[in-house]
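FYI, it's all coordinate maths here, none of it is from the lab. These figures come from a predicted structure and were not determined experimentally. Here the Cβ positions follow ideal geometry from the backbone for every residue, glycine too, while neighbour counts run over all protein chains shown.
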Amino acid sequence: MNNGRTRYVISVLARDRVGIIQCIASAITDRGGDIDGMSQTVVHGYFTVILTATFEDRYTQDEILSLIH
C-alpha cells in the first residue's frame, strides 16, 4: 500500500556550483516531496547525486521530472 504517495529515484549530473543542493531540495520540498535518502559526490568539477523522494500521487512522472530541469 502506498498511502497515496509514490517514491521516485532521481539522479542529477551538473557542473558543480554553490547552492546546487539547495536548488534540488527546494524543487522537491516546495511541492510537498520528502527526500528519503541521498548519495552525492563531486568528480572533476561535476556534481552528481542520486536520491529517493516521495511525492503525493497527484503528480505525474513527467511533472516530477520537470521539477529538476
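In plain terms, the chain from THR52 to ASP34 could stretch by 5.6 nm, reckoned as 0.36 nm per residue minus the Cα-Cα distance.
The angle between the Cα long axis of helix 20-29 and the longest principal axis of the Cα atoms of the chain comes to about 0 degrees, rounded to the nearest 10. With a Förster radius of 30 Å applied to the beta-carbon distance between THR41 and ARG5, the computed FRET efficiency rounds to 0.60. Against the set [x] 23, 11, 10; [y] 20, 13, 11; [z] 52, 11, 10, the structure's computed semi-axes √(5λ) of the Cα gyration tensor in Å falls on [x].
On the basis of the beta-carbon distance and an R0 of 22 Å, LEU13 and THR60 show a calculated FRET efficiency of 0.45. For the pair HIS69 and SER26 in one chain, pulling the backbone fully straight at 0.36 nm per residue adds 14.2 nm over the alpha carbon distance.
Taking 8 Å as the Cα distance limit and 6 or more residues as the minimum spacing, I'd like the relative contact order of the chain as a percentage.
Values: 93 pairs, mean separation 29.2, N = 69.
42 percent.
Given +1 at the Cβ of Lys and Arg, -1 at the Cβ of Asp and Glu and no other charges, the dipole of the chain around its Cα centre is 160 debye to the nearest 20.
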